[in-house]
Amino acid sequence: MKTSHVRLPTLKRLLQIFGPPIALCFLLGILRANWTVSTGRAVVQSWSFFWEKPVVNPPTTTMAVEHLSSVNDSILILFWTEYFSQPFTSTSEHRMVAQQALDNCPVKNCLLTNRRDLVNRSAAVIFHIRELADQPDKSVPSFRSPNQYYVFYLLESPPHTNMMLDEYDGFFNLTFTYRLDSDIPSDHYYRDFKPKLWNDPSNFEDAWRKKAGFAVIFVSNCCTPSFRHVYIEELARYIPLDVFGSCGNNSCNKTSEHCDEKVSTYKFYLAFENSVCKDYVTEKMFRAYNQEAVPVVYGGADYSQIFPPNSYINILDFSSPRLLADHLRKVAGNKHWYSQYFQWKFKSRYLTLPKDLQSPEIGWCKLCGILNDGELSPKAYNNLGKWWFDEARCTIPIIGDRNGNQVWTANPYVNHIYRTMT
């Protein structure tokens with residue numbers, strides 16, 4: 001990908017457009033960013049300030065450290081790097097979740113390891129890209145088998161990718177990310193979809209009686225590429241909104257059962273993603289469904305292709321936070337209207353996601369299947385940056401015009417906001 005540098009907006013220009021709080025947030029985000037121009041577009045290659053670790057819910061079982069006896073009978077998958085600065089040992093949360101998924105696959109002969117001395121016996125070597133960027137020596141295996149898969153692994157969106165990918169052209173030959181056009185789409189979040197079937201109208205009545213609160217959101221990262229904090233602040237002017245986490249006045253461990261149960265006492269749960277990118281949807285959406293609150297969504301996924309019809313409210317269907325607030329108040333004030341967002345729970349076919357979003361079609365089972373069957377021939381990605389950054393279609397909401405007026409648009413591209421600033 002041909003790269004050329006472009007002039008970054010000045011602090012004075014940011015202040016003119018956004019005002020002090022948002023300008024500071026935006027400036028901090030781009031201080032260490034790499035801006036490139038590709039095919040006429042300004043692309044944010046790295047927003048290392050915007051960092052949000054994916055939520056991992058550990059399984060109830062623990063895995064034993066691999067022994068050579070089990071290694072000899074298994075197809076090895078070597079996790080070469082750490083995962084968010086944590087060693088990928090047999091007791092790490094992400095390792096346990098992944099191995100448990102592999103143990104439930106149709107073929108159960110794939111074994112995870114972090115033992116680098118087994119690299120030549122491993123069918124696939126996985127690199128968590130954030131760690132590859134953070135390692136001072138960026139060490140990679142000194143020898144590579146021609147039939148070995150090198151896996152590009154990321155569960156976060158491109159704005160959180162803290163490195164350029166040009167230097168790794170030709171290095172990776174499999175992609176394993178949240179993107180549905182990956183060689184291996186991850187089921188990391190999809191497997192959390194566990195709603196309950198309703199068999200009787202009394203099920204809705206029971207849920208309705210618990211809903212003393214209006215709307216709630218859990219936010220741990222206050223300054224994100226989606227600028228959700230700006231929308232939240234504006235929306236809170238018109239509706240009762242409880243904000244939990246480091247960005248609000250309420251505290252709750254978002255991975256605890258108590259915290260999940262709290263969601264069920266609200267009519268609406270704001271599932272606002274930290275990035276607006278193609279296919280990017282996280283645990284926020286599934287928490288709402290599992291706890292029987294209506295999700296109010298903000299993200300770049302095609303929700304209609306994933307989730308039950310008439311089960312969520314998309315903020316991009318409204319031209320302003322105030323119009324969204326008007327709609328939420330009307331729905332909350334009409335019990336029958338509100339109940340329509342739960343009709344899908346009476347139909348068992350909606351209690352599971354589309355088949356192509358379930359294991360073994362995606363996730364660790366998909367990888368294990370490839371390693372067993374040779375489903376994909378080894379190849380090389382020679383322009384991974386174009387696929388990862390350009391084709392992700394990440395967007396940033398326009399939150400101010402040249403005169404400082406707040407505006408809200410549904411789907412502006414990165415170059416749109418860049419041109420507004422320069």
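Regarding VAL151, is this residue of a type in the set (A, V, I, L, M), within 16 Å of LEU371 (Cα to Cα) and surrounded by 16 or more Cβ atoms within 10 Å (Cβ to Cβ)?
Details: of a type in the set (A, V, I, L, M): yes; within 16 Å of LEU371 (Cα to Cα): yes; surrounded by 16 or more Cβ atoms within 10 Å (Cβ to Cβ): yes.
Yes.
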### Only listed residue being assigned by TED's automatic domain parsing to the domain that holds ASP260 and surrounded by 14 or more Cβ atoms within 10 Å (Cβ to Cβ), chosen from PHE127, PHE176, PHE214, PHE172
PHE214
### Message
Which condition from (1) in contact (Cβ under 8 Å) with a residue 12 or more places away in the chain; (2) closer than 26 Å to GLN358 by Cβ; (3) in contact with a helix residue (DSSP H, G or I) (Cβ under 8 Å, 6 or more places away or on another chain) is the one that GLU93 breaks?
### Response
(3)
#### Entry: Complete set of residues in the stretch 108-141 that are among the β-branched types (Val, Ile, Thr) and modelled with pLDDT under 90
ILE129, VAL140
### Task
Test TYR338 against the criterion of being at pLDDT below 95, buried (at least 18 other Cβ atoms within 10 Å of the Cβ), outside the structural domain of PHE79 (by TED's automatic domain parsing) and among the hydroxyl-bearing types (Ser, Thr, Tyr), and give yes or no.
no
### Task
Could you check ASP117 against (1) of a type outside the set (Phe, Trp, Tyr); (2) part of a helix (DSSP H, G or I); (3) buried (at least 22 other Cβ atoms within 10 Å of the Cβ) and say which number it fails?
(3)
### Task
Quick one: SER182 ticks every box in (1) free of Cβ contacts under 8 Å to residues at least 60 places away in the same chain; (2) closer than 30 Å to GLY363 by Cα; (3) in contact with a strand residue (DSSP E or B) (Cβ under 7 Å, 6 or more places away or on another chain); (4) assigned to a helix (DSSP H, G or I) except a single one, so which number is it?
(4)
### Task
Considering only residues that are of a type in the set (Ser, Thr, Tyr) and more than 26 Å from VAL281 (Cβ to Cβ), look in the stretch 150-185 and name the one that is modelled with the lowest pLDDT.
TYR168
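Which one of these is among the acidic types (Asp, Glu) and crowded, with 19+ Cβ neighbours inside 10 Å: GLU261, GLU273? Give the derivation first.
Numbers: GLU261 fails: crowded, with 19+ Cβ neighbours inside 10 Å.
That would be GLU273, the only listed residue that is among the acidic types (Asp, Glu) and crowded, with 19+ Cβ neighbours inside 10 Å.
Each row is one residue, and each column tells you yes or no for (1) assigned to a helix (DSSP H, G or I); (2) of a type in the set (A, V, I, L, M); (3) under 25 Å from ILE306 (Cα atoms).
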position	(1), (2), (3)
LYS194	no, no, yes
LEU197	no, yes, yes
ASN203	yes, no, yes
PHE214	no, no, no
ILE239	no, yes, no
ASP242	no, no, no
GLY248	no, no, no
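Considering only the stretch 243-269, state which residues are charged (D, E, K, R) and either closer than 12 Å to PRO321 by Cα or in contact with a helix residue (DSSP H, G or I) (Cβ under 9 Å, 6 or more places away or on another chain) (or both). Reasoning before the result, please.
As a first pass, look at the stretch 243-269 and keep what is charged (D, E, K, R): 254, 257, 260-262, 267.
Those that are charged (D, E, K, R) and either closer than 12 Å to PRO321 by Cα or in contact with a helix residue (DSSP H, G or I) (Cβ under 9 Å, 6 or more places away or on another chain) (or both): LYS254, ASP260, LYS267.
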### Query
If you go through the stretch 154-169, how many residues are buried (at least 21 other Cβ atoms within 10 Å of the Cβ) and in a helix (DSSP H, G or I)?
3
### Summary
Per the filter on the stretch 238-262, residues out of contact with any Lys or Arg (no Cβ under 6 Å at 6 or more places or on another chain) and either in contact (Cβ under 8 Å) with a residue 60 or more places away in the chain or of a type in the set (A, V, I, L, M) (or both) are ILE239, LEU241, VAL243, LYS254, THR255
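Here are ASP390, ASP356, ASP401, ASP373: which of them is at pLDDT below 90, surrounded by 12 or more Cβ atoms within 10 Å (Cβ to Cβ) and more than 21 Å from VAL296 (Cα to Cα)? So that I can check it myself, show each step before the final result.
Values: ASP356 fails: surrounded by 12 or more Cβ atoms within 10 Å (Cβ to Cβ); ASP401 fails: surrounded by 12 or more Cβ atoms within 10 Å (Cβ to Cβ); ASP373 fails: surrounded by 12 or more Cβ atoms within 10 Å (Cβ to Cβ).
So the residue among ASP390, ASP356, ASP401, ASP373 that is at pLDDT below 90, surrounded by 12 or more Cβ atoms within 10 Å (Cβ to Cβ) and more than 21 Å from VAL296 (Cα to Cα) is ASP390.
In the list ALA236, ALA301, which residue meets the criterion of being within 21 Å of LEU180 (Cβ to Cβ) and aliphatic (A, V, I, L, M)? Talk me through it step by step, then tell me what you get.
On the way: ALA236 fails: within 21 Å of LEU180 (Cβ to Cβ).
Testing whether each residue is within 21 Å of LEU180 (Cβ to Cβ) and aliphatic (A, V, I, L, M) leaves just ALA301.
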### Message
List pairs: first residue in the stretch 346-357 and without any contact (Cβ under 8 Å) to a residue 24 or more places away in the chain and outside any loop (DSSP other than H, G, I, E, B), second residue surrounded by 14 or more Cβ atoms within 10 Å (Cβ to Cβ) and of a type in the set (Asp, Glu) anywhere in the structure, Cβ distance under 9 angstrom, at least six positions apart or on different chains.
### Response
LYS355/GLU361
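Do you know which residues across the stretch 272-287 are of a type in the set (A, V, I, L, M, F, W, C) and more than 14 Å from VAL219 (Cα to Cα)? First the steps, then the outcome.
Taking the stretch 272-287 first, the residues of a type in the set (A, V, I, L, M, F, W, C) are 272, 276-277, 281, 285-286.
Matches in the stretch 272-287: VAL276, CYS277, VAL281, PHE286.
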### Query
Consider LYS366 against the criteria (1) basic (Lys, Arg); (2) modelled with pLDDT under 95; (3) surrounded by fewer than 17 Cβ atoms within 10 Å (Cβ to Cβ): it satisfies all of them except one. Which criterion is unmet?
(3)
### Task
Report, by residue number, each residue of the stretch 222-238 that is surrounded by fewer than 18 Cβ atoms within 10 Å (Cβ to Cβ) and either at pLDDT 85 or above or not hydrophobic (A, V, I, L, M, F, W, C) (or both).
GLU233, GLU234, ALA236, ARG237, TYR238
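The values are calculated or read from the model by the stated rules, or taken from the named source; none is laboratory data. Keep in mind that this is a model prediction, so the values were computed, not measured. Reconstructed Cβ throughout: ideal geometry from the backbone, glycine too, with neighbour counts over all protein chains shown.
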